[in-house]
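**Q** Here it is: the structure, laid out below.
The values are calculated or read from the model by the stated rules, or taken from the named source; none is laboratory data. Computed from a predicted model, the values in this text were never measured in an experiment. Note that we place each Cβ from the backbone using ideal geometry, even for glycine, and neighbour counts take in every protein chain shown.
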Amino acid sequence: MNETIEEKKKILNTYKAAVEKYNSLKKQEKYLRTRINSPRTAVLSGVPSSKKHSDISDIMVKLDDTLKMVGAAEDQALNTCAAIERIILNIPDGVDSDIIHMRYIEFEAWDKIAEKTGYSEKHVYRIHNRILEKLDVSQYAPAIQKL
């Protein structure tokens with residue numbers, strides 16, 4: 001339990017980073033699928049030209065690689081979320097765990113958390129820092145950082 005508040009925030013924010021990576025890869029996947037299906041890469045005659053055939057093949061290879069990365073990123077995000085959820089389950093106070101959950105699992109902004117809890121933003125910051133000071137992430141940190 002020797003982590004600083006900043007180190008704890010970094011550990012708790014790994015889920016957000018994993019989700020952002022997954023979303024980025026999904027955008028790449030969508031882009032590649034659009035390119036495959038676009039009229040420019042589609043072969044309109046019965047005999048494809050070697051250039052167009054090469055373009056489509058290259059895109060399909062990139063799509064296949066991207067799909068593998070999407071699957072891995074999804075697994076990483078789910079595993080990271082589960083580890084963060086285990087940390088949150090160890091917070092004894094319900095309001096405290098709700099604040100941490102809203103911030104690090106739901107990615108809520110401070111003003112939204114304040115609105116949902118009925119506290120001022122300043123008070124939510126104070127509660128958040130108090131929780132992080134007491135929070136023990138040491139048993140989960142190595143597993144999360146390995147993901």
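**Q** Show the residue pairs meeting these rules: Cβ distance below 9 Å; 6+ apart or different chains; first residue within segment 1-17 and closer than 17 Å to Arg130 by Cβ and in contact (Cβ under 8 Å) with a residue 40 or more places away in the chain; second residue of a type in the set (D, E, K, R) and assigned to a helix (DSSP H, G or I).
**A** From segment 1-17, the pairs are Met1/Lys134; Glu3/Lys10; Ile5/Glu133; Lys8/Glu133; Leu12/Arg103.
**Q** Test of understanding: among Ile100, Ile127, which residue is touching a residue at least 40 places away in the same chain (Cβ under 8 Å) and aliphatic (A, V, I, L, M)?
**A** Ile100
**Q** Out of the residues in segment 64-118 meeting the condition of being closer than 20 Å to Lys10 by Cβ, outside any helix (DSSP H, G or I) and of a type outside the set (Gly, Ala, Ser), tell me which one is modelled with the lowest pLDDT.
**A** My answer is Asn90.
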